[in-house]
Amino acid sequence: MKFCIIGSGPTGLGAAHRLAELGVGDFRVYERETQVGGLAASVRDGRGFTWDCAVHVAHSHYHAFDRMLTAALPDGYYTLERRAWVRLHGVDVPYPLQYNLRHLPPDIRAACVAGLREKDRRPVLESPPTNFREWIERGFGRGIAEHFMLPYNRKQWTVPAGEMSWQWIGDRVPTVDTARVLRHIEEQRDDVTWGPNATFQFPKEGGTGAIWKAVAARLPAGAVQLQREVVGIDPRAKAIRFADGGSERYEHLISTMPLPILARLTGLDAVAQRAAQLRHTRVYVMGVALDHPIPEALRDKTWIYCAGAESNFYRLTPFSMFSPAHTPDNARYCSLLCEISVPAGETRSPADLRAATFAGLVRGGFLAQVPEDTHTHLFDAAYGYPIPTPGRDRILGEVLPSLEAFQIFSRGRFGGWKYEVSNMDHSFMQGVEVIDRILAGTPERTLPTPDVVNAGKR
Ligand SMILES: Cc1cc2nc3c(=O)[nH]c(=O)nc-3n(C[C@H](O)[C@H](O)[C@H](O)COP(=O)(O)OP(=O)(O)OC[C@H]3O[C@@H](n4cnc5c(N)ncnc54)[C@H](O)[C@@H]3O)c2cc1C
C-alpha cells in the first residue's frame, strides 16, 4: 500500500477522505474496533439508547470541515443553542461564570469581585505567566480562581494547574473584562453569548458517530478494515504487523494511535522513552438511562460544568435533549452523560463508578434519587485528554520528526498530542493536511500553528 492509516477516528478518516477526494486508491485504514469513529463514535445499546463518548459539539474552524459535515449527513442535523451552566455552591450560574456572577451567593460574589479589582491593579507590563495557575490568577483574580477555575480544572485535568502550560488556551477559555462583569451585576443582566459555539449542529439520529459512519461509507469499498489491530511496526522495512498474524508494507504510514504507544511499537527506544514523558488523563463516561422524562431543572441546559466535590463528574449533559432519537421514547425516558476524569494509569471499577455517579447526581441536587436498578452504559477512554504540560512542545519537536524520518506521520488528538487542536474538526483536518503535505508539499497548518487555525475560520 502507498498509504497505511492506523485508526478510523476523525483523523484517520480525514486522511482517507482526502486521498479518495484526490483519486488516490492505493490506501487502507486499519481499525482495531468493530466500528469507525474512535472517541467520536456512538453506540446504540440493546435497550435502544444511543450514547456518545461525552457530548461532542461540532464547532468548526474550517470551511472544508463544514462542507464535509453537510455532505456526510444532508438534512441530518438539529441546530441547537448552547445553554451551558456552571453548578457552584449549590446554584446554577449561566456560562461563562465570570459574566454572570450575580447568580452566586453574596459572599462568594463579593470575593470574586474583590479578586477582579485586585487583578486590575497589577502592573500592565508584567512578565508572562509561567504556568496555567498563574494565568488563571492574573486573568480572573483570586476569587474566581479559588471558587471555580482552579477546582474545576483540577477535576477535569487531574493535575494541579501549576503543572500545566497556558499557551494552549487560545479561544477556549473566556477571559475577563471587569467593567463588563460589574455592569452585568448592577443591571442584573445575564450574558451567555461568549464563545465560538453559541449554536451548534448535532446529528438527528445515531449520535456524533453517525457523522463518521457516513464519512467512512463514502470511501471506496474495502478501504476501511475493522478489527485489524496493529501490534508491530518495522520502520526500516516499512511494514506493519497485525494481531491476526497478517502484515502489510507501506510507503507512508499515518498513525492516529496514542503517540507513546506508536513510538513503542516502532522499537525506536530513544524515541519511545521521550514520548513516554507525555501526560494524559483517563476519562470515564457514565451514561445514565432514567425511567422518567427529563427533570424540569435540566430541560433548559445543554451541559453543566460541575466544579464541586459533591459530584465525581466534571460535566453533566442531559443527552436526550440533543435528539429524541437518543432514547426509545423521550416522553417516558431520559438519558444523561456524566464525564469523570481520573489520572492516567489509574482505573475505577464499573460498580464504584456507578455508585459514585448516582451519589453525585443526588448530592449535586440534579435528581431526587437514582434507583439501584437504573440502566447505565460505561465508556472508558484510557486516553481522554492530552495534558498541555510545559515540556510538551519540546518532546513533540523531537519525537514527531524522528518518526517522520521513517515516513511515519503521527497525527490527531493523541497522535499529535496538542489539546488545543484535538477536537473533531482539527483532527479531521490534521488528516487532510498531512496527505496534502506528503503528496503536494503543502505545509500543514493545524498541528504546527494552532493559534493561526483557532484565530478564525479558514
Ligand atoms: C471526553 C471527550 C469530549 C470531547 N468533546 C468533543 C467536542 O465537544 N467536540 C469535538 O469536536 N471533539 C470532542 N472530543 C474530541 C474528539 O473525540 C476527537 O477530536 C477525535 O475523536 C480525535 O480523533 P482521532 O482520529 O485523532 O483519534 P481517536 O478518535 O482516538 O481515533 C483513533 C482510532 O485509532 C484506533 N486505534 C488505536 N490503536 C490502534 C491499533 N493499534 N490498531 C488499529 N487501530 C487502532 C482506535 O480504536 C480509534 O478508533 C472529545 C473527546 C473526549 C475524550
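For His375, the residues 5 or more places off, or on other chains, whose built amide H falls under 5 Å of its own are Ala289. Residue ranges 208-221, 103-116, 425-438 sort as 425-438, 208-221, 103-116 when ordered by packing (mean number of other C-beta atoms within 10 Å per residue, highest first). Computed from the alpha carbon positions, the gyration tensor of the stretch 1-59 leads to an equivalent ellipsoid with semi-axes of 27, 13, 9 Å, biggest first. Can you tell me how the stretch 105-186 classifies by the Cα gyration tensor, rounded, prolate or oblate, using a/c under 1.5 as the rounded cut? Cα axes put the stretch 105-186 in the oblate bin. Estimated at 0.36 nm per residue, the fully extended path between Ala359 and Thr374 surpasses their Cα-Cα distance by 4.1 nm.
Calculate how many DSSP beta bridges within the chain are antiparallel, expressed in % of all such bridges and rounded to the nearest 5. Of all bridge pairs located within the chain, approximately 70 percent are antiparallel. For Ile254, the residues whose modelled amide H falls within less than 5 Å of its own, excluding neighbours fewer than 5 places apart on the same chain, are Cys4, Ile5, Ile6, Phe409. Residue-wise HN-Hα couplings along the stretch 16-33, as the Karplus relation 6.51 cos²θ - 1.76 cosθ + 1.60 with θ = phi - 60° gives them from phi, are 5, 4, 5, 4, 5, 4, 8, x, 8, x, 8, 8, 9, 10, 10, 10, 7, 7 Hz; Gly and Pro carry x. Here the alpha carbons of the stretch 226-286 define both size measures, Rg and Dmax, at 13.3, 43 Å. For the stretch 1-141, the Kirkwood hydrodynamic radius from C-alpha pairs, put into Stokes-Einstein at 4 °C and a viscosity of 1.567 mPa s, yields a diffusion coefficient of 64 µm² per second. For the stretch 324-458, what does the alpha-carbon gyration tensor say about shape, rounded, prolate or oblate, given a ≥ b ≥ c as the root eigenvalues, a/c under 1.5 as rounded, and a/b over b/c as prolate? Prolate shape, in that a/c is at least 1.5 and a/b is the bigger ratio.
Let me check against my output: what whole-number percent is the relative contact order of the chain, with C-alpha pairs under 8 Å and at least 6 apart?
Working: 928 pairs, mean separation 112.1, N = 458.
Over the chain, the number comes to 24 percent.
Computed over the chain, the quotient of the alpha carbon radius of gyration and 2.2 N^0.38 Å is 0.99. Suppose the Debye formula is applied to equal point scatterers at every Cα of the stretch 199-331; what is log10 I(q)/I(0) at q = 0.09, 0.15, 0.16 Å⁻¹? For the requested q values the scattering log ratios are -0.51, -0.98, -1.01.
Helix-only mean residue ellipticity at 222 nm, the chain, DSSP H runs n ≥ 4 weighted -39,500 (n - 2.57), per residue, nearest 500. What is it?
Details: 14 runs with 144 residues, N = 458.
Calculated from helices alone, the mean residue ellipticity at 222 nm is -9500 deg cm²/dmol.
Ranked by the mean number of other Cβ atoms within 10 Å of their residues, highest first, the peptides 396-406, 180-190 fall in the order 396-406, 180-190. Using the Karplus relation 6.51 cos²θ - 1.76 cosθ + 1.60 with θ = phi - 60°, the per-residue 3J(HN,Hα) values for the stretch 114-121 come to 4, x, 5, 5, 5, 5, 6, 7 Hz, with x marking Gly and Pro.
With only alpha-carbon pairs counted, each pair once and no self-pairs, how large is the Kirkwood hydrodynamic radius of the stretch 248-322 in angstroms? All intermediate terms of the calculation are to be shown ahead of the outcome.
Numbers: mean 1/r = 0.0597 Å⁻¹.
One decimal place: 16.8 Å for the Kirkwood radius.
Across the stretch 252-259, coupling constants 3J(HN,Hα) worked out from phi with the 6.51/-1.76/1.60 Karplus curve, θ = phi - 60°, read 10, 10, 9, 10, 10, 6, x, 3 Hz, and Gly and Pro carry x. Beyond 26 Å in Cα-Cα separation lie the following of the pairs Lys155/Lys301; Lys2/Lys457; Lys119/Lys418; Lys204/Lys418; Lys238/Lys457; Lys213/Lys301: Lys2/Lys457; Lys119/Lys418; Lys204/Lys418; Lys238/Lys457; Lys213/Lys301.
Read the figures in this text as sums done on the coordinates, not as results from a lab. This one's a predicted model, so the numbers in the text were calculated from it and none came from an experiment. FYI the Cβ positions are ideal-geometry reconstructions off the backbone, even for glycines, and counts take in every protein chain you see.
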